[in-house]
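First the structure, in the form of structure tokens, and then the observations on it.
The values are calculated or read from the model by the stated rules, or taken from the named source; none is laboratory data. Note that the structure is predicted; figures quoted are calculated from it, not measured. Here the Cβ positions follow ideal geometry from the backbone for every residue, glycine too, while neighbour counts run over all protein chains shown. Heavy atoms of the whole protein, side chains included, go into the accessibility calculation; ligands, DNA and RNA do not. Shrake-Rupley method; radii C 1.70, N 1.55, O 1.52, S 1.80 Å.
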Number of protein chains: 2
Amino acid sequence: MFFVRTAPCVLLALWITTSHADEGMWTFNNFPVDKVQKAYGFRPDQAWLDHVRISSVRLTGASGCSAAFVSPRGLVQTNHHCARRCIQDLSTPQSDLAAAGFYAREEEDETRCPGLEVNQLIDISDVTDRVTKALAGKDGPAFAAALRAERANIASECAGKDDNLRCDVISLYSGGVHNLYKYRRYQDVRLVFAPEGPIAFFGGDPDNFEFPRYDFDLSYLRVYSDGRPLDTAKNFLRYSKTDVQPGDLTFTSGHPGSTDRLDTVVQLEFRRDVRLPRALIDSSEWRGILTEFSRKGPEQARIAEGRLFGVENSLKALKGQFYALVESSIVKDRAAAEKELRAKVDADPRLKAQYGAAWDDLQGVLSRSRQGLEERSFVGGEAFSSALFGHALTLVRYPVETKKSNELRLPEFSEASSPALRQRMFSTAPIYPELEKLRLTFSLTKMREALGPDHAFVRRVLGKKSPAQLATELVDGTKLADVGLRKQLLEGGQAAIDASNDPMIALARIVDADMRAVRKDVEENISAPLTKYTTQIAQARFQVYGESSYPDATFTLRISYGSVAGYVQDGKTIAPITMVAGLFERATGAAPYRLPESWIKAQPMLNPKQPFNFVTTNDIIGGNSGSPMVNKAGEIVGLVFDGNRQSLGGNFGYDGSTNRTIAVNVGLMREALAVVYSADRILRELDGN
Amino acid sequence: MFFVRTAPCVLLALWITTSHADEGMWTFNNFPVDKVQKAYGFRPDQAWLDHVRISSVRLTGASGCSAAFVSPRGLVQTNHHCARRCIQDLSTPQSDLAAAGFYAREEEDETRCPGLEVNQLIDISDVTDRVTKALAGKDGPAFAAALRAERANIASECAGKDDNLRCDVISLYSGGVHNLYKYRRYQDVRLVFAPEGPIAFFGGDPDNFEFPRYDFDLSYLRVYSDGRPLDTAKNFLRYSKTDVQPGDLTFTSGHPGSTDRLDTVVQLEFRRDVRLPRALIDSSEWRGILTEFSRKGPEQARIAEGRLFGVENSLKALKGQFYALVESSIVKDRAAAEKELRAKVDADPRLKAQYGAAWDDLQGVLSRSRQGLEERSFVGGEAFSSALFGHALTLVRYPVETKKSNELRLPEFSEASSPALRQRMFSTAPIYPELEKLRLTFSLTKMREALGPDHAFVRRVLGKKSPAQLATELVDGTKLADVGLRKQLLEGGQAAIDASNDPMIALARIVDADMRAVRKDVEENISAPLTKYTTQIAQARFQVYGESSYPDATFTLRISYGSVAGYVQDGKTIAPITMVAGLFERATGAAPYRLPESWIKAQPMLNPKQPFNFVTTNDIIGGNSGSPMVNKAGEIVGLVFDGNRQSLGGNFGYDGSTNRTIAVNVGLMREALAVVYSADRILRELDGN
């Protein structure tokens, strides 16, 4: 599934020269209309682009996805897996909405999703000059501090005291361009409809990132403002009345999380040899723990389901990336391109003086980053996988940070971040002690494994206790699961924190200084020089080749174009569209191929030839889940929920021959809502009645 | 821990040119006495070598380790972790010997270890001519068939009808030399003494493959013959009365499992990019499952302990190999050496004609091997991780194979293998249904994940069932846990099998043909050409450089030399010997740093300066666990149980500056037996009284 679990903190973006048809995750202010016209004979005008843009939204907080308004009254269409955390947070041991689904028959039954936020992009403005001026002549620590401060100031000026605005400074084209993205922020988001988990994620992990596919991966949310459905009469996308055909032109409008399409060879090698193996090994063990934990009983299965899905999804994606780097010619091709570029730079004395050293300098940063990687990772926060610890750390830091002037704060305590912080801290989402212990035991165990039992930080944290002992004591002892207490401590200032003897707060106090030191070290000695050298390389590339196209993904709004098309896999042609009949053929009765009762009952009434899921050549990546797929008329023809396995290498480059986006077909949405769920209220609303 | 869980089926061995002092896992018939004399001023004579050789034994069946006779009455010294399976097989929910330890106060309390076999090497003879003649002019399938047949015939002639002999044809120096290893086989092996698990493996996984270390990783077994202790008056090693000092010369005599010190670059890359990541990912998930399974309760922890230890041990070893290949200069150095050798071969028309194509041919085999790797692995057997399935498959194949003439059988059904087969099939070791289901569910799930739910073999195995459903049905339905039934079916011939409706036998029937086909394909199209081309490369190397020294490890008896020496790690000097005081300082009270009661009570009586564990420069690898470490007098000064983390890269090459063998000190063994365990009977016997 193509979503990001938490909004990635992506500082860098490079521009990418498109060499493949349909390639590109384009910004709305730089969409290649000429190319599209040439390839497909259709030229979207500004009104078309504006309408699609303003109808598209981003889900953050308790999700990391894309979505769209689909009715005049704030109805939002996204994937089931994008609303999964909300669905789980609203579930109880007695009422498991993830399994049984949810449908608010009346508006008053719509239920608020804890911690979920919807962002609607209302303006993009250029702040490159201002940022460049602030960074001028700065290096290392000073560069990092200036960038952080200027971003905080711009964001704060933009949003003012209006908690309903969210302003982010986004660095594109590897720091060559800085844009201010201004969003309308909505924190009252309610669940309207979700099908049963087994049909939303039919085929489960075995079918994930695969095609042919049969997933009804849909949910509806509604944005409320001042307690009433938001008026979106001017900015919603209508459902098409006709299904797509092979060859049809399609657009997606969504928020791809991050890509590494212009990484240098040493960056790719670092990812292949260090970061990916590390992530694959640790995630695999965590997957095993969650799998077996889920077998303890139905309640354990229920509370672990979201995390198990998340880790399996990310494992499959990371494996795809790893094998793409190991088995394809990506690294070799990149090396050849790099060699050519460096030769051209070296051949020009002016370029050589300015940029010639950048590649070796970059390699130096990555070598340093390899040394002490485990320490930076675990001390930096990986050691404490616990929602309760996260709250404790925020509480300990809050009075310290908010006393500072805005531009000096850690970014998550800046004025602009205040609404998100409060949304998170005051969320009523349940925290499960058993799962907290499981997570914390695992992360503490990995810390001890990676750093060794004799490491000073490990000793400070564990003392004479085992990871399981400490995790149990902390989770059993803390009272921070209580929202009221968190509110009291957050608003009580330093005195309240000092007076607390909560064990989780005590741990946060003990490790705060070390965690800050590591973070500072990373910012100043890794992130800042990395930004500097990748910017130099990007500039060198620009000066040599003079071309530019779309920036690497940054979990900001992008538009892609493509068409409905099958592909060849292992010598077999795969048709681009599946049908309802295939679903029932594939069902076995055993999870993950077990159908919910509602679909079994509805089978006789469903059209077996109704198109179900389909694939297109659109260029997307994780974060694009929930993106509306629209036709030339700007109408929704599908709902993006995944990419095929060949798309996983898409992190490094786009291959139009096999890279495919997978979507739920609009006709299926209509038919299932009508026949399986009798969700007439939604159907009427979708058609603007 | 340096042991092999099951005897590896290593067909190939290359010779290795030693460039480092103390490097080498030498065969006893080619020990570099001159080198040793030059380096250490001591020249072992033939009697010395013969005595050490004949006192050394190998543990197979329910172990994969080294050991030695240490008394005139068949007493065998090995590691606790080498007898771990026996200790567990003799445990019950009421009496957990792995936790509590075991001491047979009288001889009649010594208890037979199910499935454990001791091999004593009594003769090595050269059969190179005979094998070479049989293989002459053969290629592909014919080559594979001829090699298998000639090995079976030689082994059969050697052992005759004597079940107490075991004869193996071992290919050394990449097939340049074939030796016949003749062993005395002992199947009545009884447990005499084992300390508590927590002191045998003090520090657990965090301290595994690390030093400084405090493990009392010792156990004693006794070999019986005709119901009486075996007479080993002429072939046992005495315990030294004095402890080693830094710089002392040490020898190990044991069975290193396998090494890859002369692999070509493509072989190293295949391991780095394909085999190791695959193993790391799957083993990590399995580790997570076992970890969480163990937390279900004390009985689950007890029955899973051995497997959890095994997977954690192997994971740490594999990670060491992976990072050695990724981060060290091994691959680069190998590439440079290979380039030089190939240039020399290409420069000589005769050599070029004979060997010039071998490297590219080898690469071709590995590329083919990469295609369909998952299918070959899972259909080949990985799909069915279950002792009960293993029994079922043996039963289904037994009447078919034993009808064939000896040289045409699958090797495990050859006449020479018959005693091992019966020992395995009639073992009374407990089989735990809950663990069987866990294993089988996991392996079936991995099969479906790797091959996809639409693969014909997956469909044939699973039908409409989920992996967990099928595993539960099979394990609950089969009666093969009953030794009597297995005996009846094995001896009942084809009719008995045909009449059986046992579900596990039914599954074995269904998959037998596919499994055989895959195995045949591997033998003919991968193993045979791999042997051919690596032999060519080895021959080319020999012709160009004219040198030879020791062959790659083959789980056959080898001797290494070295000395007690510390090393430098992360800029810190590590002293070579730890002391009793350090154990008590390191103990925290929480597993894996929790001491058993016996040691806590004994602390006041123990000499705090008593040397505990120590490190030497001896060159060993997995399989060497349990090796005796002897001094110039041929007396035991230590018991090998591990290597340090730097030794893990030893699979690819030896680096004497940091590669260290870790041993239990002889003085500690004496003191603990006397003070902690009051094991006077053993102490008296060790000193020949």
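Just one of (1) outside any helix (DSSP H, G or I); (2) open to solvent by 10 Å² or more (accessible area, probe 1.4 Å) fails for B:Asp642. It is (2).
Filtering the range B:581-610 to residues that are free of Cβ contacts under 8 Å to residues at least 12 places away in the same chain, open to solvent by 80 Å² or more (accessible area, probe 1.4 Å) and within 14 Å of chain A (Cβ to nearest Cβ) leaves only B:Glu585. When the range B:286-323 is limited to residues that are of a type in the set (Lys, Arg) and at the interface with another protein chain (Cβ under 10 Å from one of its Cβ atoms), the one that is least open to solvent (accessible area, probe 1.4 Å) turns out to be B:Arg287.
Among the residues making up the range B:100-129, those that are charged (D, E, K, R) and either modelled with pLDDT under 95 or not in a helix (DSSP H, G or I) (or both) are B:Arg105, B:Glu106, B:Glu110, B:Arg112, B:Glu117, B:Asp123, B:Asp126, B:Asp129. Restricting attention to the range B:592-609, does a residue exist that is touching a Lys or Arg at 6+ places or on another chain (Cβ under 9 Å), assigned to a loop (DSSP other than H, G, I, E, B) and under 26 Å from B:Ser328 (Cβ atoms)? No, the range B:592-609 has no match at all. Please count how many residues of the range A:143-167 are of a type in the set (A, V, I, L, M, F, W, C) and open to solvent by 50 Å² or more (accessible area, probe 1.4 Å). Count: 1. Looking across the range A:269-284 at every residue that is free of Cβ contacts under 8 Å to residues at least 12 places away in the same chain and at the interface with chain B (Cβ under 8 Å from one of its Cβ atoms), the one that is nearest to the chain's Cα centre (by Cα) is identified as A:Ile281. The residue of the range A:444-485 that is nearest to the other protein chains (Cβ to nearest Cβ), among those that are part of a loop (DSSP other than H, G, I, E, B) and closer than 16 Å to A:Glu374 by Cβ, is A:Pro453. Screening A:Leu395 with (1) closer than 30 Å to A:Gly115 by Cα; (2) out of contact with any strand residue (DSSP E or B) (no Cβ under 8 Å at 6 or more places or on another chain); (3) open to solvent by 40 Å² or more (accessible area, probe 1.4 Å) gives one miss only, at (3).
Go through the residues of the range B:326-349 one by one and say whether even a single one is among the hydroxyl-bearing types (Ser, Thr, Tyr), under 23 Å from B:Val265 (Cβ atoms) and within 14 Å of chain A (Cβ to nearest Cβ). Yes, some residue in the range B:326-349 is among the hydroxyl-bearing types (Ser, Thr, Tyr), under 23 Å from B:Val265 (Cβ atoms) and within 14 Å of chain A (Cβ to nearest Cβ). Is there a residue being of a type in the set (Asp, Glu), in contact with a His (Cβ under 9 Å, 6 or more places away or on another chain) and open to solvent by 10 Å² or more (accessible area, probe 1.4 Å) anywhere in the range B:616-637? No; the residues of the range B:616-637 include none that is of a type in the set (Asp, Glu), in contact with a His (Cβ under 9 Å, 6 or more places away or on another chain) and open to solvent by 10 Å² or more (accessible area, probe 1.4 Å).
Taking the stated definitions as given, is B:Leu262 in contact (Cβ under 8 Å) with a residue 40 or more places away in the chain, more than 10 Å from every other protein chain (Cβ to nearest Cβ), in a loop (DSSP other than H, G, I, E, B) and aliphatic (A, V, I, L, M)?
Details: in contact (Cβ under 8 Å) with a residue 40 or more places away in the chain: yes; more than 10 Å from every other protein chain (Cβ to nearest Cβ): yes; in a loop (DSSP other than H, G, I, E, B): yes; aliphatic (A, V, I, L, M): yes.
Answer is yes for this residue.
Applying the criterion of being within 14 Å of another protein chain (Cβ to nearest Cβ) and not in a strand (DSSP E or B) to the residues of the range A:559-575, the residue that is nearest to the chain's Cα centre (by Cα) is A:Asp570. Here A:Thr578 passes the criteria (1) crowded, with 23+ Cβ neighbours inside 10 Å; (2) away from every other protein chain (no Cβ under 14 Å) except the one numbered (2).
Residue-wise test of (1) assigned to a loop (DSSP other than H, G, I, E, B); (2) away from chain A (no Cβ under 14 Å); (3) in contact with a helix residue (DSSP H, G or I) (Cβ under 9 Å, 6 or more places away or on another chain).
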{"residue": "B:Lys182", "(1), (2), (3)": "no, yes, yes"}
{"residue": "B:Phe202", "(1), (2), (3)": "yes, no, yes"}
{"residue": "B:Pro206", "(1), (2), (3)": "no, no, yes"}
{"residue": "B:Arg213", "(1), (2), (3)": "yes, no, yes"}
{"residue": "B:Arg222", "(1), (2), (3)": "no, yes, yes"}
{"residue": "B:Asp231", "(1), (2), (3)": "yes, yes, no"}
{"residue": "B:Gly247", "(1), (2), (3)": "yes, yes, no"}
{"residue": "B:Ser258", "(1), (2), (3)": "yes, yes, yes"}
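Only one of the numbered conditions (1) surrounded by fewer than 20 Cβ atoms within 10 Å (Cβ to Cβ); (2) hydrophobic (A, V, I, L, M, F, W, C); (3) closer than 30 Å to B:Ser369 by Cα is not met by B:Ala233, and that is (3).
Checked against (1) among the hydrophobic types (A, V, I, L, M, F, W, C); (2) open to solvent by 20 Å² or more (accessible area, probe 1.4 Å); (3) out of contact with any helix residue (DSSP H, G or I) (no Cβ under 9 Å at 6 or more places or on another chain), A:Val177 passes all but condition (3). Residues in the range A:146-172 that are in contact (Cβ under 8 Å) with a residue 60 or more places away in the chain and small (Gly, Ala, Ser): A:Ala149, A:Ala152, A:Ala155, A:Ser156, A:Ala159, A:Ser171. From the set of residues in the range B:419-443 that are part of a helix (DSSP H, G or I) and open to solvent by 40 Å² or more (accessible area, probe 1.4 Å), which is nearest to A:Gly204 (Cα to Cα)? Looking at residues that are part of a helix (DSSP H, G or I) and open to solvent by 40 Å² or more (accessible area, probe 1.4 Å), I get B:Lys437.
Could you tell me whether any residue of the range B:159-168 is in a helix (DSSP H, G or I) and more than 27 Å from the chain's Cα centre (by Cα)? No, the range B:159-168 contains no residue that is in a helix (DSSP H, G or I) and more than 27 Å from the chain's Cα centre (by Cα). Those helices (runs of 4 or more DSSP H) of the range A:297-376 in which 3 or more residues are under 19 Å from A:Trp286 (Cα atoms) and not small (Gly, Ala, Ser) occupy A:298-327.
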